[in-house]
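Each value in this text was obtained by applying a stated rule to the coordinates, not by laboratory testing. Please read these numbers as outputs of a predicted model, since none were measured by experiment. Note that each Cβ is placed from the backbone with ideal geometry, even for glycine, and that neighbours are counted across all protein chains shown.
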Amino acid sequence: MENDVPPQQPAYDAIRWKAGVLILFFAGAFLVVVGRLFWVQVVEAGHYRDLARKQYESKVELRAQRGKILDRKDRDVATMIRTTSFAADPTLIQQPALIAELLAGADGKAAAWYLDRIQSARNRFTWLARGISTALYPMLDTIRDRGLIRLTEPKRHFVYGPVAAQVVGTTDVDNNGLSGIELGYDSLLRGKSGFVVMQRDGRGRLRPSVNPEREAPRDGANIKLTLDIDMQRVAEQELDRGIRESGATSGTVVAIDPATGDVLAMASWPTFDPNRLDRATSDAIRIRAITDQYEPGSTMKAVTAAALLEERKIAPNDAVDGGNGTAVIFGAPIRDDHPVGQTTFSGAMEQSSNVVFAKSVSALDDRVYYKYVRDFGFGIPSGIDLPGEVRGRLKRPNEFDATTKTYMAFGYQLSATALQMVNAYAAIANGGVMMEPRIVQSVIAADGSILRENKPMRIRRVISEQTAKLLTDMLVGVVERGTGSEARIPGVRIAGKTGTAQQLVDGAYGTSSYTASFVGFYPAEAPRVAMIVMLDRPTTSIYGGSTAAPIFRRIVQKTMTMLALDDNTRTRIAASADADSVFVPDVRGLDPLTADTVLQRLGLRLADEHPVDVLIVKQRPEPGIRVERSTAVTTEVQTSRKPGDTTTVATPANRPNVVGMPLRRAITVIHASGYDVRIQGTGKVISQEWRGNVCILSAR
């Protein structure tokens, strides 16, 4: 029975089993640790070295210098300057009101805006103002406040302010291009920033290390434009003056070199100052010459004439019938502002006869006419290197209806930009060859080497040289004898055409909204400049001949010294500029109505409106100064004092200068200003002396 009892397990077997489990556990844990160490120290060694390096090293950006923008004569138009930017640590700032007041005086925002920004900040770094020149506002350097943070930053500076603002464009506060050349060539202008690795000490301060890792910045390239900044300035000044005189809402001037396609000036109004982007509007920033399209009106007649002459359908001296200014063609009523009867084709161009051109274009097949219009650059982008260009609108022949060609002949049922229109005339000026317009002449590396050169590019021959000469003579007749006479300069042959086009308003042509334009080139025998002046909705006169043409003439007169013209042409243009100016008469002592009559006889005008019962006591410009016609004369007036009148208070500030005036008028002015007079001699006043409230006049 004893053999039936099972044997007892040794006590140490259970212990051995538990020990084995523990050994396996620790072995597994050891392998995990070893594996992790291998992963960290071998596989991921580089990653963790980088993490460790970041604890004691910092990569500092080395900002690239943004490239310059230059005009065709290598003058800086846009460059970089060093400025100071201001931020605040609200937890440390001690004089928030003082800081707000001083920044308001420099940056233009209200002091309350800065104060609110400081008080509502939620972190320890809040931008207040960026890109301020402390050289212009030195009081900012006097602030001593631990909470005011100053940082030196580069800022884009536009040397000529609003001149060429739309073309050059502008940048944001971080110097990134936003419009114009600054946007279109941003990748080349901004360059590529570099870096240097600095070591950080225990307090977090950066210090240079031995042989630090470094990548040098590559400064941006410089962009050389085809613009002549002097011609651009004149174009903008005359456009601004023309818009004020015509009451137009906006306007455009584009001048190009017909032989190369170089854009010499491209002005738009309204404009803006890119140095004060906060005051700019989107309406002022856009480049109207390439973004705004319009129905060209009678300036299109040169293109129609080119097609008819080239196809030998008509000659300049062929007889045509203007129908005394009215006709009905395919049911469409056509009228002329300058009616003609029997005349020549050249005469019809000179008087801008819609009737003659509407009739004549019927000799051309639809597809043939479309080809010429298309070849002159309508309905397709010009290819200029500026952002935002539109292609205009040109119907295809299969879209023509019975009246399409009739209306296109004098500038309706198609739309174009100002650049497209002036480039079409430039092709005529260039002997029938169209060039691609260009605004960028070259891209220049920071070391001065040429990275890219945009050479003049011929697009196509549009018409023969013979046709271009015939058409040029016809356009000269427009200026010499026709609707473009306001652009005429004696002794200088200018070829051009006026344009007056009704605008579509709510889908219908109104009688209150017009586009007035003049486009031409000069000198006609060897053209150097083709130029268009376009005004949107002028109010004093709707006609391009009376609003746009004078602007064209004045720009020519003021820019002729910038061109390589022969001496005789320069002399004739300079003489015409003198003829367009007058000496300011003396209107002191006259009532406003009489003074305005005197000024208007000389082509001048009063700048101010005054009651009729006053006398003019001061004027600017002063008498005897030569000024351009249409200049406004600013005046100060005084109510005429009657005997016994004590209401006029005599003060040193209103003591008039009457030297050079006739004695009688001088006495009137002195009395009107509240002073008594004593007289010595007769004739014109040669001197005056003040004794209290008495003016002693010496005359002879």
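Only counting other Cβ atoms within 10 Å, I'd like THR467, THR483 sorted with the fewest neighbours first. Intermediate results must be reported in sequence, preceding the final value.
Values: THR467 21, THR483 26.
Arranged by neighbour count, lowest to highest, THR467, THR483 become THR467, THR483.
Taking other Cβ within 10 Å of each residue's Cβ, how do GLU389, GLU689, GLU480 sort, fewest first? The partial results should precede the final answer.
Details: GLU389 19, GLU689 11, GLU480 16.
Exposure proxy ranking, most exposed first: GLU689, GLU480, GLU389.
Treat the count of other C-beta atoms within 10 Å as a stand-in for reagent exposure and order TYR294, TYR522, TYR514, TYR675 from fewest to most. Don't skip to the answer; put the middle values down first.
Numbers: TYR294 22, TYR522 29, TYR514 25, TYR675 19.
Ascending Cβ contact count within 10 Å gives the list TYR675, TYR294, TYR514, TYR522.
At 7 Å along Cα-to-Cβ for each site, give me the label-to-label distance between VAL33 and GLN119 in nm.
The two pseudo-label positions are separated by 6.2 nm.
Quick one: dipole size for the chain, taken about the Cα centre, charges +1 on Lys/Arg Cβ and -1 on Asp/Glu Cβ, in debye to the nearest 20. Kindly include the intermediate steps, with their values, before the conclusion.
Details: 87 positive and 78 negative charges, 282 e Å.
Here the chain has a charge dipole of around 1360 debye.
Could you pull out every residue, at least 5 positions away or on a different chain, whose amide H is within less than 5 Å of the one on THR83? Hs are placed 1.01 Å off N in the peptide plane, and Pro or chain starts have none.
Under 5 Å from the amide H of THR83: GLU153, LYS155.
Show the residues, 5+ positions off or on another chain, whose built amide H is closer than 5 Å to the amide H of VAL440.
Those lying under 5 Å, H to H, from VAL440 are THR226, ASP385.
If the cut-off is a Cα-Cα distance under 22 Å, which lysines reach LYS109, setting aside same-chain residues fewer than 8 apart in sequence?
LYS155
Do any of LYS359/LYS395; LYS371/LYS455; LYS469/LYS558 go past 25 Å between their Cα atoms, and which?
Working: LYS359/LYS395 20 Å; LYS371/LYS455 27 Å; LYS469/LYS558 27 Å.
Correct reply: LYS371/LYS455; LYS469/LYS558.
Pulled fully out, how much extra length does the chain show between ARG393 and ASP174, if you take 0.36 nm times their separation in residues and subtract their Cα-Cα distance?
Working: separation 219, 0.36 × 219 = 78.84 nm, distance 3.79 nm.
Stretched out fully, the ARG393 to ASP174 stretch lengthens by 75.0 nm.
To the nearest 0.05, what FRET efficiency results for ARG335 and SER485 with a Förster distance of 22 Å applied to their C-beta separation? Let's see the in-between values first.
Numbers: r = 22 Å, r/R0 = 0.99.
So the FRET efficiency works out to roughly 0.50.
Output the DSSP H helices from the chain with an along-axis C-alpha extent of no less than 27 Å and a mean Kyte-Doolittle hydropathy no less than 1.0. Before the final figure, lay out the partial values.
Numbers: long enough: 12-38 (38 Å, 1.47).
Helix filter hits for the chain: 12-38.
Rounded to the nearest 0.05, what FRET efficiency is calculated for VAL328 and ASP473 with R0 set to 30 Å and r the Cβ-Cβ distance?
Working: r = 32 Å, r/R0 = 1.06.
FRET efficiency, VAL328 to ASP473: 0.40.
What's the extension gain from GLN466 to LEU593 if we count 0.36 nm per residue and subtract their Cα-Cα distance?
Details: separation 127, 0.36 × 127 = 45.72 nm, distance 5.55 nm.
Once the chain is fully extended between GLN466 and LEU593, it gains 40.2 nm.
In vacuum, with every alpha carbon of the chain counted as one equal point scatterer, what does the Debye formula give for log10 I(q)/I(0) at q = 0.08, 0.09, 0.10 Å⁻¹? Two decimals, please.
Calculated log10 I(q)/I(0) at the listed q: -0.84, -0.96, -1.07.
Label points 7 Å out from Cα along the Cβ direction at ARG75 and THR281: separation in nm?
3.0
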